[in-house]
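Structure, as structure tokens:
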Amino acid sequence: MPVELKIVENKLTAYLSGDIDHHTAAAMRTEIDHALRQNNIKILTLDFSGVTFMDSSGIGLVMGRQKLAAELGGRCRVADPPAYISKVMKISGIGRLCEIVDTRTPVRAGVRRDGEITGGEEE
Amino acid sequence: MKKCINEMKLSFSAVSENEAFSRACVSSFVALLDPYISELAELKTAVSEAVTNCIVHAYRGQSHGTVWIHMRLYSDRRVYIKIRDKGCGITDIDRAMQPLFTTAPEEERAGLGFAVMESFTDQLRVRSSRQRGTTVVMEKTLSEKEDDGYTDLQDTETRGRKLRAGTSLC
């Protein structure tokens, strides 16, 4: 499955995997929205750590889920986008719409740049 | 003008299943120049945007359509990609290229297709005429083999070990 859902209390985490494009985003959207509507979700986390490719369809996916979560009285956040996806996210400015978090524990101290929380971003 | 060292032409049905197919084809072909993973990811993303535009917008409301991709690789590591459709055309190109502008909000299109193509390539040209179709030409010169094309990679071990995208990554 391209998306695996885990619900703990009022938190829903959607583990996305594989490529996110216009074709695959549609199925992900349907599944996540169904779970969002069926449960009283306050925090929806879209986990991008298993995503191998993403174009702007992924941005549409995040924008749409943020909108629905807000309508239902919750919020949406994005977790652990890989470096090549962070770049698309940066162009879109999606970080202004929803929080981007890094839940991974650093493997070795000193590898990460100071203050960098999104992981693998540059400028 | 540098010499064209390789060329390919591809045409396929404008159906969404072929978005992944077109990326795979472009990746395989560009892999012949041994690009960095970051460069390959950028080209794949730009191509995906252009092909998705053909599928979502150009042939909307039509039962079938065809997308054409024409690629050339040059001796100076320049990659030329032309993506063409014979769909409805774009009424106002300047407006279409504005970030966040979309004519398909119901499909959750973010309106970022052209912005992504522009950011991830060196040059983007768009030609369109109504009811005749749209042609997008993108060019990107890949970095020389000695360069480190992915300076934002934080894990120095990964950086040293594998930066080049092998064909298996396509």
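Below is a table of values for the structure above.
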quantity: Neighbours by Cβ (under 6 Å, 6+ apart or cross-chain): first from region B:1-20, surrounded by fewer than 12 Cβ atoms within 10 Å (Cβ to Cβ); second assigned to a loop (DSSP other than H, G, I, E, B); calculated: B:Lys2/B:Ser75; B:Lys2/B:Asp76; B:Lys3/B:Ser75
quantity: Check on A:Ala70, crowded, with 21+ Cβ neighbours inside 10 Å, of a type in the set (A, V, I, L, M, F, W, C) and either closer than 21 Å to B:Pro105 by Cα or at pLDDT below 95 (or both); calculated: no
quantity: Positions within region B:43-79 being more than 16 Å from B:Glu118 (Cβ to Cβ) and in contact with a Lys or Arg (Cβ under 6 Å, 6 or more places away or on another chain), in sequence order; calculated: B:Trp68, B:His70, B:Tyr74, B:Ser75, B:Asp76
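Each row is one residue, and each column tells you yes or no for (1) charged (D, E, K, R); (2) crowded, with 19+ Cβ neighbours inside 10 Å; (3) closer than 20 Å to A:Asp21 by Cβ.
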residue: B:Tyr59; (1), (2), (3): no, yes, yes
residue: B:Tyr80; (1), (2), (3): no, no, no
residue: B:Ile93; (1), (2), (3): no, no, no
residue: B:Asp122; (1), (2), (3): yes, no, no
residue: B:Arg127; (1), (2), (3): yes, no, no
residue: B:Gly133; (1), (2), (3): no, yes, no
residue: B:Glu139; (1), (2), (3): yes, no, no
residue: B:Lys145; (1), (2), (3): yes, no, no
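The values are calculated or read from the model by the stated rules, or taken from the named source; none is laboratory data. Here the structure is a predicted model, which means the values were calculated and not measured. Cβ sites come from the backbone with ideal geometry, for glycine too, and all protein chains shown count toward neighbours.
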